[in-house]
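See below for the structure under consideration.
The values are calculated or read from the model by the stated rules, or taken from the named source; none is laboratory data. Please read all numbers here as calculations on a predicted model, not as lab measurements. As a convention, Cβ positions derive from the backbone with ideal geometry for all residues, glycine included, and neighbour counts pool all protein chains shown.
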Amino acid sequence: MPAVAVTSDPLDLQGLIEEISRTSTADGAIASFVGLVREENQGRQVSYLEYEAYEPLAVRALQLIIDEARETWTDTRIGVHHRTGRLELGEASIIIVAASPHRAHAFAACRYTIERVKQIVPIWKHEHFEGGDVWLEGATADPGDEAARETARRIACA
Amino acid sequence: MRVTIRLFARLRDLAGSGELVRDVTNPATVETVWRSLVDEMPDLRAYERTMSVAVNADYAKMSAKVHEGDEVAFLPPVSGG
């Protein structure tokens, strides 16, 4: 499977772990992150989410984020899959796997990746809740914004 | 010249379509394409200060040149993850 994917298929964490770890026996740690569809958001009872992506740019942005993370944690290898389409409560919307000889780098690269996803990847949540629906809007996507990148790095190293 | 405009999330809902084909003057920039779009659909203007743009599925600036057949995308603030 590819290390980077934007897909309407259910996500496969074990498959991605195997993909990232199979090329090396130097790793001492794998950190993973799974983002889930939550039942409550800003006081609203969520029914389900629909994720929309500008797929070719989203794939390119995920690869850019991995390249950024590897500039800081050079011994890590990272995989990211993001889901699109309709997701029910409790389903995984994103999985991230980071492998490294050392756990600190694996944890940090994993955290950096999710923070950057939320900053720059062209994917949108359409929240359907009891009584209506709303497009969630977070960050203005600007991969060249060094302050945003520094914020993600700081959170990752906290 | 002819360009394809891609719109996403609430911008797509406001426009009623995620993909539009429009003729713009040559030479043109992303800004030229955006101006002609908001002339046609003034509701979109609310996103002018917060959106990002892309040309042919790569991040771009409003000042980027646009060529015949290019795909110009306007992206509301993102909310993935």
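Some values worked out for this structure:
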| item | result |
| --- | --- |
| Those residues of the range A:52-105 which are among the polar types (S, T, N, Q), more than 10 Å from chain B (Cβ to nearest Cβ), surrounded by fewer than 24 Cβ atoms within 10 Å (Cβ to Cβ) and touching a strand residue (DSSP E or B) at 6+ places or on another chain (Cβ under 9 Å), in sequence order | A:Gln63 |
| Hey, B:Ala73 among the small types (Gly, Ala, Ser), in contact (Cβ under 8 Å) with a residue 24 or more places away in the chain, in contact with a Phe, Trp or Tyr (Cβ under 8 Å, 6 or more places away or on another chain) and surrounded by 15 or more Cβ atoms within 10 Å (Cβ to Cβ) or not | yes |
| A:Phe129 being more than 13 Å from every other protein chain (Cβ to nearest Cβ), surrounded by fewer than 24 Cβ atoms within 10 Å (Cβ to Cβ), within 18 Å of A:Tyr51 (Cα to Cα) and not charged (D, E, K, R) | yes |
| Checking A:Ala5 against (1) in contact with a His (Cβ under 9 Å, 6 or more places away or on another chain); (2) modelled with pLDDT under 95; (3) not aromatic (Phe, Trp, Tyr), the condition it does not meet | (2) |
| Residue under evaluation A:Gln119, criteria (1) in contact with a helix residue (DSSP H, G or I) (Cβ under 7 Å, 6 or more places away or on another chain); (2) under 21 Å from A:Val134 (Cα atoms); (3) touching a residue at least 40 places away in the same chain (Cβ under 8 Å), criterion not met | (3) |
| Which listed residue, of A:Leu49, A:Leu13, is touching a strand residue (DSSP E or B) at 6+ places or on another chain (Cβ under 6 Å) and under 15 Å from B:Gly81 (Cβ atoms) | A:Leu49 |
| Failed item in (1) closer than 13 Å to A:Ile65 by Cβ; (2) at the interface with another protein chain (Cβ under 10 Å from one of its Cβ atoms), with A:Arg111 passing the rest | (2) |
| Selection within the range A:64-120 - of a type in the set (Lys, Arg) and over 19 Å from A:Ile155 (Cα atoms) | A:Arg77, A:Arg83, A:Arg86 |
| Sole exception among (1) farther than 30 Å from B:Ile5 by Cβ; (2) at pLDDT 95 or above; (3) in contact with a strand residue (DSSP E or B) (Cβ under 7 Å, 6 or more places away or on another chain) for A:Ser21, by number | (2) |
| Qualifying residue in the range B:34-52 (condition: hydrophobic (A, V, I, L, M, F, W, C), within 14 Å of chain A (Cβ to nearest Cβ), farther than 16 Å from A:Pro143 by Cα and touching a residue at least 40 places away in the same chain (Cβ under 8 Å)) | no |
| Selection from the range A:98-143 of residues that are more than 27 Å from B:Asp13 (Cβ to Cβ) and either assigned to a strand (DSSP E or B) or modelled with pLDDT under 95 (or both) | A:Ala98, A:Ala99, A:Ser100 |
| From the options A:Arg38, A:Arg70, A:Arg60, residue that is basic (Lys, Arg), out of contact with any helix residue (DSSP H, G or I) (no Cβ under 8 Å at 6 or more places or on another chain) and in a helix (DSSP H, G or I) | A:Arg60 |
| Sole exception among (1) surrounded by fewer than 19 Cβ atoms within 10 Å (Cβ to Cβ); (2) within 12 Å of another protein chain (Cβ to nearest Cβ); (3) farther than 23 Å from B:Tyr59 by Cα for A:Tyr48, by number | (2) |
| The lone exception for A:Ile123 - which of (1) closer than 22 Å to B:Ala46 by Cα; (2) out of contact with any Gly (no Cβ under 9 Å at 6 or more places or on another chain); (3) of a type outside the set (Asp, Glu) it fails | (2) |
